[in-house]
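Here's the structure, in structure tokens; my notes come after.
Bear in mind that the values in this text are calculations on the coordinates, not laboratory data. Computed from a predicted structure; not experimentally measured. Using ideal geometry, Cβ is built from the backbone for each residue, glycine included, and neighbour counts are taken over all protein chains shown.
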Amino acid sequence: MQKPHITMTLAMSLDGYIARRDGSFDWIAGDGAHHADTPQRWDIATWLATVDIVVMGRNSYAQGFHHEHADKQVVVLTTQPQPAHDHVVFVTPAQVLTYLYAQAAQGRPTVYLFGGGRVVAHFIDADAIDEYYVGIVPVMLGDGIPLFHKRAASVRLTLHQTYVDDGVVVLHYRRREE
């Protein structure tokens with residue numbers, strides 16, 4: 001059985017938050033400085049074109065982020081499933097990996113974890129994430145929603161690539177195969 005290839009991408013403040021307490025993320029922007037830019041940049045649009053399935057949490061869905069991925073299948077991770085519509089299906093945490101394995105077997109193996117923190121924590125605990133892209137935005141929020149929620153698993157990673165663009169540092173890690 002083909003395994004899905006699961007990639008997480010999230011932006012965080014320097015002090016480790018992915019959003020303000022109210023869920024806002026208006027602070028996600030560069031600082032306008034380009035003196036430290038790397039020649040290579042991470043092109044999320046090119047990468048996103050390779051993705052088959054986008055997984056997001058109920059809050060991201062409620063904020064309308066599924067509309068940004070109308071050309072992909074969107075899986076909403078929720079404890080309150082509802083009927084599928086358009087390109088969106090609702091799956092419980094207990095069912096999501098079985099669902100993604102079935103999709104991979106049908107030729108849809110690339111999965112993008114859009115967020116949020118609880119969604120990512122579920123996949124970390126299952127040791128299911130293959131790649132992590134973490135963008136560090138040049139701002140400190142002081143409080144907010146943390147990048148990683150408390151989790152049971154420890155995950156060893158290898159730094160694969162770093163990118164700097166407009167003061168934002170993107171760290172690309174891959175799960176370390178032991």
Order by protection proxy (mean Cβ within 10 Å, highest first), peptides 22-33, 107-118: 107-118, 22-33
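Can you give the net charge of the other residues whose Cβ lies under 14 Å from the Cβ of residue 76, counting K and R as +1 and D and E as -1? Intermediate values should be presented prior to the final figure.
Details: positive: 58, 72, 118; negative: 68, 86.
Neighbour charge sum, excluding residue 76 itself: +1.
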For Cα Rg over 2.2 N^0.38 Å, the choices are (i) 1.45; (ii) 1.16; (iii) 1.03; which was calculated from the structure? (iii)
